[in-house]
Amino acid sequence: MRVILSDLRPVLALFLAERRRMLFVGAGLAALTVLAGVALLGLSGWFITATALAGLTAATAMAFDVFAPAAGIRFLALVRTGARYGERLTTHDATLSVLAALRERLFRGWAGPRAARALALRPAKLLFRLTADIDALDGLYLRILVPVGAMVASALGTAVVVGFIAPWLGLAIGAWLVAVGLGIPLVAARMAYRPARRRAQAIEMLRSGVIDLVAGQTELVMAGRLEAQRDHLAAIDRRLTAADDGLNRIETGVTIGFGLTSALALAGMLLAVAALVEAEAIGAPVAALGILVVLAAVEPFGALRRGALEFGRTLLAARRLGPRLLREDVPVAPKDLPRGMAVELVGVDVRHDGAARVTLRGIDLVVDRGERIAIVGASGAGKSTLLDLIAGERVPERGEAAALPATLMTQRTELFQDSLRDNLRLAAPAAGDRELMRVLDAAGLGPDVAALPRGLDTALGEGGIGLSGGQSRRLALARLFLRDTPLWLLDEPTEGLDGRTARDVLARLGREAQRRALIIATHIRREAAFAARVVVMEHGQIAAVLHRGEPGFDAVLDALRPD
């Protein structure tokens, strides 16, 4: 139980922090709905029975007051209806608001520094965290906490009412209702925990597998793995079916259990009031009130059935999301840069998550505004990691790192299944068509876009299908030009382009950069020759820093891959 509470604590804390008052109001209205229903059925039974008995003689019929009980019944009916409406409105509004806040918090966390690489490695899994897992958390409040509160209120209210008939009977009925009302769902939740987890995991695996099958069917056919993938999905589907069967059996058992609970409670109450009536301790109207109150008190138990069955799924979602809610990435506050400086790194070490050795060690680097730097070295020397550090995508393990606001253009051109306009507006959502065409012209893609029938409205396929490699790179360059930051970081910006296109891209980049600082990580000669200073990296350390015209500068360029 302690482990379960620790898993649920971050989610509960978020619920209470977001809409505490609304959540308590919703739970209170749910309890009021149940109590009004219990009182309504009990008062109606008393009234009908008392009216029937009063009508046996003219004297009692004339003396019997029908107005007060009738008004009470109408009042309770209105209270129950209003409370039910308010409860549904309040609880669902509060839950949806909390889930929206949770989804926004998680999305912002995964859209922050150091998250892009994890998102690229596990896009389906993170998508399920934002959708399926968050949707599962609505059961925590709506199907578990609220029904438990309503059930406890019903049991206590019934115990008080029956206690006026006979105190010992009220205690017995109250204890029985609380015991079975909590006991059966707890047993069901324990039994359903594993099937519910297996079901949630199977659904996630099935969705991921189907996406892989549809998106990669060409590769699967070429590798001869299409049939194996289909068999794999069929096996997952059988696991999902088995989990559903297990949950259905447990649900049937819970239904039978609550039915027996209701029958035993009614039978016990019937025997007890019969004995009290025979002993002339109570009359028939009071006996009818007691029996119907117990009958109505069992009604809220059914609402716990679904919550008990989905508790495993809810707990799994809380365990997945809880650590992310507890961890708050505190941005590193860099020291102020001296005037005219764009980057300052002093004694910086950087380690990848989970790595035994540091990736960068003892990095000292200063870059002035407007300066053009090339970072060269063999693959694995730490060039891309250094760019990530300057861009704020990585936090130094040791040392101090400070940089002006930067825009990082990676080797991979990230384009989406959307229009050209919206792919560009990722860099500047408020940019107008005139500005978009300006940067397209600056990147050398303006004539191509102007020649398209739909221009900026031209739809791209997934990953930018519809553009050639050179056009995709130019579109990424145009998106870079929209970013008005004083520091641009480029990781092999002309990789994969022919020499003529690459030189044109570099020339346009130089014209557009103006007084911005440029840092290019490269192993291509033409890109390094674009810079005025070369930083040579070896095994995560800066081995040499050479300015244009110094001895060794041309030798470093000659050692790089030719154009």
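The values are calculated or read from the model by the stated rules, or taken from the named source; none is laboratory data. Here the structure is a predicted model, which is why all the values come from computation and not from measurement. Note that we place each Cβ from the backbone using ideal geometry, even for glycine, and neighbour counts take in every protein chain shown.
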Legend entry - When residues of region 249-263 are limited to those that are of a type in the set (A, V, I, L, M, F, W, C) and surrounded by 13 or more Cβ atoms within 10 Å (Cβ to Cβ), the one farthest from Arg194 (Cα to Cα): Phe258
Inset, instruction - May I ask you to verify whether Gly183 is free of Cβ contacts under 8 Å to residues at least 40 places away in the same chain, out of contact with any Lys or Arg (no Cβ under 8 Å at 6 or more places or on another chain) and under 16 Å from Leu309 (Cβ atoms)? - result: yes
Legend entry - Whichever residue in region 157-211 is of a type in the set (Phe, Trp, Tyr) and more than 20 Å from Ala296 (Cβ to Cβ) and, among such residues, is surrounded by the most Cβ atoms within 10 Å (Cβ to Cβ): Tyr193
Inset, instruction - For Leu102, state whether it is modelled with pLDDT under 80 and under 39 Å from the mean Cα position of the chain (by Cα). - result: no
Inset, instruction - Exactly one condition in (1) more than 41 Å from the chain's Cα centre (by Cα); (2) surrounded by fewer than 21 Cβ atoms within 10 Å (Cβ to Cβ) is not met by Leu460; state its number. - result: (1)
Inset, instruction - Go through (1) under 30 Å from Asp353 (Cβ atoms); (2) at pLDDT below 80; (3) surrounded by 17 or more Cβ atoms within 10 Å (Cβ to Cβ); (4) not basic (Lys, Arg) one by one and return the number of the condition Ala54 breaks. - result: (1)
Inset, instruction - Might you check whether a residue that is among the aromatic types (Phe, Trp, Tyr) and more than 29 Å from the chain's Cα centre (by Cα) occurs anywhere in region 127-139? - result: no
Legend entry - Single residue of region 10-30 satisfying the filter (over 13 Å from Ala94 (Cα atoms) and among the small types (Gly, Ala, Ser)) that is surrounded by the fewest Cβ atoms within 10 Å (Cβ to Cβ): Ala13
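Per-residue answers, yes or no, for (1) part of a helix (DSSP H, G or I); (2) free of Cβ contacts under 8 Å to residues at least 40 places away in the same chain; (3) of a type in the set (Asp, Glu); (4) touching a helix residue (DSSP H, G or I) at 6+ places or on another chain (Cβ under 6 Å):
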{"position": "Ile144", "(1), (2), (3), (4)": "yes, no, no, yes"}
{"position": "Met151", "(1), (2), (3), (4)": "yes, no, no, yes"}
{"position": "Gly170", "(1), (2), (3), (4)": "yes, yes, no, yes"}
{"position": "Ala196", "(1), (2), (3), (4)": "yes, no, no, yes"}
{"position": "Gln229", "(1), (2), (3), (4)": "yes, yes, no, yes"}
{"position": "Leu233", "(1), (2), (3), (4)": "yes, yes, no, yes"}
{"position": "Arg238", "(1), (2), (3), (4)": "yes, yes, no, no"}
Inset, instruction - Return the total of residues in region 499-556 being of a type in the set (S, T, N, Q) and modelled with pLDDT under 85. - result: 2
